[in-house]
Each structure stands twice: as structure tokens, then as C-alpha cells.
Amino acid sequence: MTKNEEIKDVAVQGEHGVAVVGADLFNMGDNMEGVEAVLPQVKIIHQGQMFVMPDGNKVQAFSGTVIDMNRTNAYWEVSFDESGGGDPPTCSSLNGITPDMSSAEIQSENGGCPGCPKNVFGSDGKRGKLCKNMKRMHVLMNGSMIPYRLTVPPSNLKAVDLYVSLLTAQGIPYQLIETEFGLRSVKNKDGIEYSELILRNVGPSKMIHSREDAMKMKALIAQWKHVMRGGQVLADEI
């Protein structure tokens, strides 16, 4: 019997896969004492319409509760092909409006992202922008106490905006429903193939069954807000 199996042998699994016997004797906040929180990443493989989960498994779809999302911008003076993708951005923003003052070289002449010469269509010499406009979506998976992060690339921002707009029109907070994430192959105007994000409301969140559960979810979102909205934009997110 492995160590993990021994732990499972003495811990009864709760409704959402969380060990409830024994776990209640420990403060999970102590787990993070002296630890800088790192959110597990979900990535998109555009060539195969697949998601890579934090454990390395590749799946065609997954579902979870979206608990927060925010826009981010990032500009790299040296291209990914030249740098290998490991360099931090030359200039970035964690809200899509104001550049991060710790950026190596802020590109905006007026101090803001709107109107920045790197943040206008056509600045890449084609139809796109030199500055990558992205959106971080934070998803709480069934059985996880830490949100996963999916960074949506510029090509998929409209899909997210349309999905959230339709939910809002129906008076549905995205934090209270289960969202299914899928991908399909499409081509842009230049004939380049990429994976388009498909978002679908598949019903109430599996983690919320009462008003008390909703209040707990709200508290969890507040607890992780500074982590979800913080942290430098990194090339390995996209």
C-alpha cells in the first residue's frame, strides 16, 4: 500500500471528493504558511483542440465553476521565437487599463493601456496587436480547494464576452453555475487554424446546493481574490 493509499484508507471522502475525516483536525491555512500561492494552470493546445490540465492529462473538455475573471495585457519586445518564451513581458497590465509600474519599460505615452501604440489593431503589421490582450478565468474544479487558471488568448476573448453577456441578460451570475469548456477548430481571416473556446452553461454549480453554500463560495472568492488578480503575467500561461 502506497502512502497516498494509506491516507485515503483513514480518510472518508466527502461529497465533493474532499477528505472530511481527519481533515477537520487541521487548519488548511497552515498548509500555505510561508508558501507563495501558485494557481494550477490549464492550457490550450491549439493544434489538437485539447486542454492540458495541471497534472499533465490532456482532455477535450472539462467543467467547473468560474469564480472570477479579469483582463490582462502583455507586450514582449523580443518575440517568443527569438526568446524561447521564457522572458517576462517588457510591459504588462493586470487589469487591462493601467500598466504594471514594475514593468521593465512601460510602452504607453499617457500612462494607460487604451490608446497605447502597441495596443491598437494593426500594430503587429497585420490585423492584430503587438500587445496581447488576454483574460484570466479562474475555475473551481469539483473537489479542489484552490482555483485553476485558464488564460484566454486574444483570439477567444469574444467567446468569453458573449457567454458572460448572455448569462447576465438572463440574470445568472456565472459564479453560481457549472460551465463546460470545450474547443473546436476554426480559421481566422488569414487562414490560420486555431482552437475556438466553447463555453456552455450545464446547470447549477455542483458546489452550491443552498444559500449557505453560496455564502461560503463568496467567502472563498474573497479569500483568493488577491491571488487571482495578482501575479506577473508569464509567457507559460499562454
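Quick check: net charge around GLN60, other residues with Cβ under 13 Å of its Cβ, Lys/Arg +1 and Asp/Glu -1?
Net local charge, GLN60 excluded: +1.
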Arrange the following residues from fewest to most other Cβ atoms within 10 Å of their Cβ: GLU196, GLU212, GLU77. GLU212, GLU77, GLU196
Can you give me the relative contact order of region 118-173 as a percent, contacts being Cα pairs under 8 Å and 6 or more apart? 22 percent
Kirkwood Rh and Cα-based Rg: tell me the resulting Rg over Rh for region 59-211, rounded to two decimals. 1.01
Spacing of the two label points (7 Å from each Cα toward its C-beta) at ARG200 and ALA159, in nm: 1.3 nm
Let me check the size of region 159-238 from its C-alpha atoms; what are the radius of gyration and Dmax in Å? 16.2, 50
Roughly how many nanometres apart are two label points built 7 Å out from the Cα toward the Cβ at THR98 and ALA61? 4.1 nm
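Sort ASP161, ASP190 so that the residue with the fewest other Cβ atoms within 10 Å of its own Cβ comes first and the one with the most comes last. Could the numbers behind the result be given before it?
Values: ASP161 12, ASP190 8.
Ascending Cβ contact count within 10 Å gives the list ASP190, ASP161.
Taking the number of other C-beta atoms within 10 Å as the exposure measure, put PHE62, PHE181 in order starting with the fewest.
Going from least to most buried by this count: PHE62, PHE181.
Each reported figure results from applying straightforward, stated rules to the coordinates on display, with no laboratory input. Note that the structure is predicted; figures quoted are calculated from it, not measured. Glycine gets a Cβ as well: all are built from the backbone with ideal geometry, and neighbour counts include every protein chain shown.
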